[in-house]
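The values are calculated or read from the model by the stated rules, or taken from the named source; none is laboratory data. This structure is a prediction, so every number in the text was calculated from the model and none was measured. Note: ideal-geometry Cβ built from the backbone for every residue, glycine included; neighbour counts use all protein chains shown.
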Amino acid sequence: MENLKAIIEALLFAADAPLTAARIAEILGECDEGAVKSALLDIKSDYSGRHSGIAIVDVAGGIQMRTREDLAPWIRKLKAPKAAGLSQPALETLAVIAYRQPIMKSEIERIRGVDVSGVLKGLLEKSLIRIVGRKDVPGKPIIYGTNRHFLEVFGLRDLSDLPTLKEMDEEES
Amino acid sequence: MAYEIKLDIFEGPLDLLLYLIRKNEIDIYNIPIALITEQYLGYIDAMKSLNLDLAGEYLVLASTLIHIKSRMLLPSREEDGEEEEDPRDELVKQLIEYKTFKEAALRLNNLTLLDRDVFIRAATEEIYNEPFQEELTLEEIGIFELVAAFRRAIASAGYEEALEIDVERISLSERINEIVDILQERKRTTFSELIGDRTDRVRIIYTFLAILELMKLQVLRAYQTEPYGEIRLSAAE
């Protein structure tokens with residue numbers, strides 16, 4: 001396809017969430033995934049080659065068009081009033097869920113030593129976590145896990161992309 | 001003894017304890033319980049004297065510390081031959097686990113975050129953001145109205161599915177997540193909208209249970225303009 005790259009670039013621009021190569025191939029119809037993937041590589045190097053302000057990034061199992069990280073100061077000015085980022089309780093709770101999922105609320109509270117009802121509600125609303133199911137123990141407690149949007153927000157390809165959990169004996173100075 | 005109190009910086013009792021350990025440059029595996037307990041209680045007293053709402057968790061840990069301290073005072077029975085368990089072990093384990101996740105949280109925060117470090121094309125303004133028609137006065141409804149609506153939905157569903165073999169398999173948690181997604185997308189919906197023109201009972205029941213669960217979690221609120229009227233659902237603030 002002559003303008004394959006142009007079409008893919010436009011799709012990436014218009015998409016609300018990361019696109020997979022498979023999805024792009026499906027949209028294009030007569031195009032196999034291999035061709036899409038090589039076109040994506042081309043587009044990626046085009047963007048980085050000409051020092052574009054936009055980067056094509058692998059995230060949450062797909063590909064997304066994002067502004068370059070070092071340009072954040074300018075974009076923050078543009079979006080000034082909307083404070084981004086997560087609070088410390090939210091981050092800690094999210095870390096416990098991300099590394100220990102699927103996990104019950106009581107287990108999160110045991111690790112953090114505080115009540116997490118409010119934080120869980122906030123994380124559910126922000127769509128960073130989801131209810132995975134119910135544990136088959138008395139009371140059938142709800143168990144939580146992270147979802148795809150979590151990967152997107154933290155710029156991770158998949159869960160194995162999480163920074164490794166530093167274990168006990170590595171003491172910080 | 002004067003304590004410098006930084007109230008908001010503690011994420012909970014474990015965090016306070018970690019702070020004290022760091023401040024005193026103590027080896028986490030060999031905590032001088034008497035000293036730490038004294039300082040910990042000092043903080044608690046200070047918080048109380050400032051009339052701060054002291055979360056119960058702080059008091060639980062205080063009693064744990066005192067319990068450990070008293071056990072440390074008891075002579076160990078070495079003649080048993082077995083290695084005596086250090087009364088601090090359990091607490092140390094908990095502290096280290098918490099510390100691990102506290103650091104993990106820090107590393108998560110250092111990742112490239114969407115909407116903080118990198119940005120995507122701004123989403124088109126949500127079209128569903130307009131409120132319900134203004135003239136409607138909404139009253140918050142309770143379980144019974146919800147149950148009544150549920151029975152109406154069931155009644156109108158009839159028995160048409162009796163011969164169906166390929167019943168759709170859905171799970172409650174799936175349904176809950178679907179509803180959360182819908183609310184995420186357009187903030188408001190209605191009970192009948194969630195059911196759609198699908199008439200199978202299983203789906204109606206699961207939708208109903210999912211709504212109850214979400215009400216319990218205070219993720220959504222239910223409203224009605226009149227008895228037996230449509231039940232409107234909106235994301236809780």
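When segment B:216-235 is limited to residues that are within 17 Å of the chain's Cα centre (by Cα) and free of Cβ contacts under 8 Å to residues at least 24 places away in the same chain, the one that is farthest from the other protein chains (Cβ to nearest Cβ) turns out to be B:Lys216. Could you please let me know if A:Glu26 is among the acidic types (Asp, Glu), more than 8 Å from every other protein chain (Cβ to nearest Cβ) and crowded, with 16+ Cβ neighbours inside 10 Å? No, not satisfied. The set of residues in segment A:1-13 that are at pLDDT 90 or above and among the hydrophobic types (A, V, I, L, M, F, W, C) comprises A:Ala6, A:Ile7, A:Ile8, A:Ala10, A:Leu11, A:Leu12, A:Phe13.
For A:Lys135, the conditions (1) more than 9 Å from every other protein chain (Cβ to nearest Cβ); (2) over 19 Å from A:Pro163 (Cα atoms); (3) touching a helix residue (DSSP H, G or I) at 6+ places or on another chain (Cβ under 9 Å) all hold with the exception of (3). Scanning segment B:107-159 for residues that are of a type in the set (D, E, K, R) and either in contact with a strand residue (DSSP E or B) (Cβ under 8 Å, 6 or more places away or on another chain) or modelled with pLDDT of 55 or more (or both) turns up B:Arg107, B:Asp115, B:Arg116, B:Asp117, B:Arg121, B:Glu139, B:Glu140, B:Glu145, B:Arg151, B:Arg152.
In segment A:36-54, the qualifying residues are those that are among the small types (Gly, Ala, Ser), touching a helix residue (DSSP H, G or I) at 6+ places or on another chain (Cβ under 9 Å) and surrounded by fewer than 17 Cβ atoms within 10 Å (Cβ to Cβ), and the one that is farthest from the other protein chains (Cβ to nearest Cβ) is A:Ser52.
Okay, residues lined up against (1) modelled with pLDDT of 95 or more; (2) surrounded by fewer than 16 Cβ atoms within 10 Å (Cβ to Cβ); (3) not aliphatic (A, V, I, L, M):
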residue	(1), (2), (3)
A:Lys121	no, yes, yes
A:Lys126	no, yes, yes
A:Pro141	no, yes, yes
A:Glu152	no, no, yes
A:Leu162	no, no, no
A:Glu167	no, yes, yes
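State which residue is nearest to B:Leu95 (Cα to Cα) when the search covers only segment A:75-99 and only residues that are at pLDDT below 90, in a helix (DSSP H, G or I) and more than 7 Å from chain B (Cβ to nearest Cβ). Among them, the one singled out is A:Arg76.
Apart from one condition, A:Asp158 fits all of (1) at pLDDT 90 or above; (2) at the interface with chain B (Cβ under 9 Å from one of its Cβ atoms); (3) surrounded by fewer than 16 Cβ atoms within 10 Å (Cβ to Cβ); the exception is (2). The residues of segment B:184-214 that are free of Cβ contacts under 8 Å to residues at least 24 places away in the same chain and either under 23 Å from A:Ser127 (Cβ atoms) or among the polar types (S, T, N, Q) (or both), listed by number, are B:Glu193, B:Gly196.
For segment B:204-237, a residue qualifies if it is in a helix (DSSP H, G or I) and among the hydrophobic types (A, V, I, L, M, F, W, C), and the qualifying residues are B:Ile204, B:Ile205, B:Phe208, B:Leu209, B:Ala210, B:Ile211, B:Leu212, B:Leu214, B:Met215.
Only residues that are facing another protein chain (nearest Cβ under 9 Å) and either under 22 Å from the mean Cα position of the chain (by Cα) or not basic (Lys, Arg) (or both): list them for segment A:100-117, please.
Answer for segment A:100-117, where residues must be facing another protein chain (nearest Cβ under 9 Å) and either under 22 Å from the mean Cα position of the chain (by Cα) or not basic (Lys, Arg) (or both): A:Arg100, A:Glu109, A:Ile111, A:Gly113, A:Val114, A:Asp115, A:Ser117.
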